[in-house]
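> Please see the structure below; I have some questions.
Any read-out appearing in this document is the output of simple, stated calculations on the displayed coordinates, not a laboratory observation. Keep in mind the model is a prediction, meaning the values are calculated, not measured. Backbone-built Cβ (ideal geometry, glycine too); neighbour counts: all protein chains shown.
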Amino acid sequence: MKDVRIAPSILAADFANLQQDIDLVNQSQADWFHLDIMDGVFVPNISFGMPVIKAISKHATKPLDTHLMIVDPDRYIKTFAGLGVNYLTVHYEACTHLHRTLQAIKAEGMKAGVALNPHTNIALLEDTIQDIDLVCVMSVNPGFGGQKFIENTYSKVVNLKNLILQKNAPTLIEIDGGVTDQNAKKLADCGADVLVAGSFVFGSKNPAETIKNLKELTH
C-alpha cells in the first residue's frame, strides 16, 4: 500500500494565530510542514523569512519541507540548515550550477530538493536525478496560493517517475499547487509521494479532517 505524505502549506495558515495552526498540523495526520519562501524577485510575491521559520521550528514536531522561490538560493543554505530545515528545495530555474547547489545542501545535513515550474521539462533533470532527494513539480505557476491545478501535471509525474525508475534514483515526487480531494488519488496513482495542500486544508471548516481525508484517498 502506498504511503503518500501530506504536507500542509503554512502560507495558507492564519498568521495571526500561527501557533494554533502549527499545533493543528502537529496533532493531525499530516506528515510534513511545507514552508514557501518568496523574495518578490523570482516570483511576484513576498511571503515570510527567517524569524517566522525560527518560530515555526520551535513548535513543529514534524519535518520542515522548505521551498525556496528565490534568486541565488546558495547564499542562504547554511542559514536554513541552522533553522532546523529538513528538506531544502531550490528552483531549477534559479540555479546556474544545480549540481553544486545540491551538494552544498547535503553538506549541511539536509535533504536536497529541486522544484520545476510548469513549463520546465522533466528531461532537464536526467543528469542530476540521482543527487536529488525530492522533485517538487509545480502544478500551478509559483508565487500565489489558491490557483487552479494545471492538468498537464499528471503526464509530467508519469514521465518523472519513469526517469527515477530508469536511473534507480531514491527521489520522492512532490506536487505543489491546486491539490484537492478531486485530484489527490490520481496524482498518487501517477507516482506522487508527497502532496502539498494549502488553501484546500486551511480554508476548510475542519483542516484536521481534510488532512485525514487526503491521507485516506491516497492509500
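> Report, for the chain, the % of DSSP beta bridges that are antiparallel, rounded to 5.
5 percent
> Which order do peptides 127-134, 82-89 fall in by mean Cβ count within 10 Å, highest first?
Ranked from most to least packed, the peptides come out as 82-89, 127-134.
> Also, quick follow-up: Taking N as the number of residues in the chain, what value does Rg over Cα atoms divided by 2.2 N^0.38 Å take?
0.93
> Give, to the nearest whole percent, the P(r) tail of the range 93-153 beyond 15 angstrom, counting all Cα pairs.
53 percent
> A follow-up question, please. Can you give the percent of C-alpha pairs in the range 1-93 whose distance is more than 21 Å?
30 percent
> Just to be sure I understand: with springs between alpha-carbon atoms less than 10 Å apart, which residue in 185, 111, 205 has the highest mean-square fluctuation in the Gaussian network model of the chain?
Result: 205 has the largest fluctuation of those listed.
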